[in-house]
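Presented below is the structure to which this report refers.
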Amino acid sequence: MANSAIVQKLWNYCNVLRDDGMSYGDYVEQLTYLLFLKMIDERTKPPYSQPSIVPAEYSWPTLFSKDGSELFEHYRKVLEELGGKKGLLGLIFGKSQNKIQDPAKLRRLIVDLIDKENWSMMSSDVKGDAYEGLLEKNAQDLKSGAGQYFTPRELIRAMVDVIAPEPKDKISDPACGTGGFLFLSHKFIIDHYPNMTKEEKRRLKEDTFKGWEIVQGTARVCAMNLLLHGIGGDK
C-alpha cells in the first residue's frame with residue numbers, strides 16, 4: 001500500500017479513538033504494542049522463519065482470535081506479562097496499559113487496521129514515515145507536552161548534514177527522545193553509501209547506534225520508531 005494510504009488509515013482511526021477521549025500519545029502507544037506483536041508474528045513465517053521472542057500464549061494470533069470482554073481481558077494480561085520480561089520486550093511493554101476502553105474498537109484496530117497489512121514486508125520508508133507522522137502530530141498537540149521529546153526533523157537533518165556520518169562511525173544520543181537523530185543519521189549513511197558490504201550493513205543495523213532516554217513511554221516509542229526504520233535487532 002502507498003505511503004499516503006497507510007498514513008490516512010492511521011489518521012482515520014486516531015480520530016475515531018480521540019472521540020472517546022484518547023490522546024495522540026495514547027494512540028501511538030497502543031499502536032506500538034500491537035504493531036510490535038504483529039511484526040514479531042510475521043517474522044515467524046517465510047521468508048524470515050525466525051523464532052519468536054514472544055511466548056506463544058501472548059502472541060498476535062491469540063489477540064486476533066478473541067472478541068469482546070475476552071479480548072479485553074486477554075489484552076490486559078498480554079501487556080502485563082510482557083511488561084515483566086527483560087530485553088526488548090521489557091523496553092516495549094514496560095509499565096504498559098490498555099487505554100482503549102471499548103472492546104469493539106480494540107477489535108477493529110487489531111483486525112481492520114493492523115492485521116490487514118504485512119508490516120515486515122512494507123518499505124521502512126513507508127511504515128517509518130507513517131509512524132513519524134503520528135509522533136509529530138502528538139508533539140504539536142500542546143496538551144500532550146510531548147514537544148520536548150520531538151526535535152523538528154528539519155533541524156536534525158541540518159545537523160546530520162553538517163556532521164556527515166560514515167559507516168565506520170559509532171553514533172550515540174544521550175537524550176534520544178523519539179529517536180530522530182539516530183534514524184536520520186542512519187538514512188544519511190544509507191543514502192550516501194549505497195555500496196556498503198554485507199558486514200557494513202549488518203553493523204549499521206545492529207551495532208552503530210545507541211541512545212538513552214529516562215522516560216519509559218518515550219523510550220518505547222523510540223525503540224519502535226527505530227525498528228520501523230530498519231534499525232536494531234529483535235532481542
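The values are calculated or read from the model by the stated rules, or taken from the named source; none is laboratory data. These figures come from a predicted structure and were not determined experimentally. Because the Cβ atoms are built from the backbone with ideal geometry, glycine has one as well, and the counts that use them run over all protein chains shown. For accessibility, only protein heavy atoms count, side chains too; no ligands or nucleic acids. Shrake-Rupley method; radii C 1.70, N 1.55, O 1.52, S 1.80 Å.
See the values below:
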{"quantity": "Yes/no for E206 being loosely packed, with under 15 Cβ neighbours inside 10 Å, within 22 Å of V221 (Cα to Cα) and in contact (Cβ under 8 Å) with a residue 12 or more places away in the chain", "calculated": "yes"}
{"quantity": "Any hit, region 215-225, residues being open to solvent by 20 Å² or more (accessible area, probe 1.4 Å), over 15 Å from the mean Cα position of the chain (by Cα), at pLDDT below 90 and not acidic (D, E)", "calculated": "yes"}
{"quantity": "Residue in region 146-189 that is least open to solvent (accessible area, probe 1.4 Å), counting only those that are more than 24 Å from L134 (Cα to Cα) and in a helix (DSSP H, G or I)", "calculated": "I189"}
{"quantity": "In region 81-108, the residues that are among the charged types (D, E, K, R) and under 23 Å from I214 (Cβ atoms)", "calculated": "K85, K86, K95, K99"}
{"quantity": "Flag if K116 is open to solvent by 60 Å² or more (accessible area, probe 1.4 Å) and in a loop (DSSP other than H, G, I, E, B)", "calculated": "yes"}
{"quantity": "Given (1) at pLDDT 90 or above; (2) over 14 Å from the mean Cα position of the chain (by Cα); (3) under 22 Å from Q216 (Cα atoms), number of the condition M22 does not satisfy", "calculated": "(1)"}
{"quantity": "Test: residue in region 138-156 that is among the aliphatic types (A, V, I, L, M), at pLDDT 90 or above and either over 12 Å from L31 (Cβ atoms) or more than 14 Å from the chain's Cα centre (by Cα) (or both)", "calculated": "yes"}
{"quantity": "Selected residue (criterion: modelled with the lowest pLDDT) from residues of region 25-67 that are open to solvent by less than 40 Å² (accessible area, probe 1.4 Å) and of a type in the set (S, T, Y)", "calculated": "Y27"}
{"quantity": "Residues within region 195-217 that are part of a strand (DSSP E or B) and of a type in the set (G, A, S), tallied", "calculated": "1"}
{"quantity": "Residue within region 85-103 that is over 20 Å from L228 (Cβ atoms), open to solvent by less than 50 Å² (accessible area, probe 1.4 Å) and at pLDDT 95 or above present", "calculated": "no"}
{"quantity": "Which listed residue is within 22 Å of A223 (Cα to Cα), touching a Lys or Arg at 6+ places or on another chain (Cβ under 7 Å) and in a loop (DSSP other than H, G, I, E, B), from Q97, Q30, Q50", "calculated": "Q50"}
{"quantity": "Odd one out for M121 among (1) closer than 14 Å to L35 by Cα; (2) crowded, with 19+ Cβ neighbours inside 10 Å", "calculated": "(2)"}
{"quantity": "Condition met for D129 (surrounded by fewer than 17 Cβ atoms within 10 Å (Cβ to Cβ) and either in contact with a Lys or Arg (Cβ under 6 Å, 6 or more places away or on another chain) or over 19 Å from I6 (Cα atoms) (or both))", "calculated": "no"}
{"quantity": "Selected residue [touching a residue at least 40 places away in the same chain (Cβ under 8 Å) and touching a Leu at 6+ places or on another chain (Cβ under 6 Å)] from G211, G179", "calculated": "G179"}
